[in-house]
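This report concerns only the one structure given below.
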Amino acid sequence: MHVVGAVLEPIPVAAFDLIAAERSISGSPTGAPVDIRTMLEFAARHGIAPQVEHFPLAKVNDAIAHLAAGKARFRIVLDT
């Protein structure tokens, strides 16, 4: 099993179950490049796009304050 991203709860797995079946648990913040490519291709095929909040570059300080206040619901993009 490969865990992608942060998991706040422990994963209860007995070591014997892993050893007997020759399995492993690993993790990474983003996943393997091939998995990212597969995910992006799936998203493109199904018209799935990211949700972003846009700020004009002239309002960069407003965007940073918005982010620092924890009000950003999605990714913030500065438009040039």
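Key figures
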| read-out | value |
| --- | --- |
| Test result for Phe42, closer than 30 Å to Leu78 by Cβ and not in a helix (DSSP H, G or I) | no |
| Options Ile36, Ile48, Ile76; residue that is closer than 22 Å to Val4 by Cβ and not in a helix (DSSP H, G or I) | Ile48 |
| Pairs where the first residue, in segment 1-21, is assigned to a loop (DSSP other than H, G, I, E, B) and the second is β-branched (Val, Ile, Thr), C-beta under 9 Å, 6+ apart | Met1/Ile11; Met1/Val13; Met1/Ile25; Gly5/Thr30; Ile11/Val3; Ile11/Ile25; Val13/Ile25 |
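Bear in mind these aren't lab numbers, they're just calculated from the coordinates by the rules spelled out. Being a predicted model, the structure only gives us computed values, none of them experimental. Positions of Cβ are generated from backbone atoms using ideal geometry, with glycine treated the same way; all protein chains shown enter the neighbour counts.
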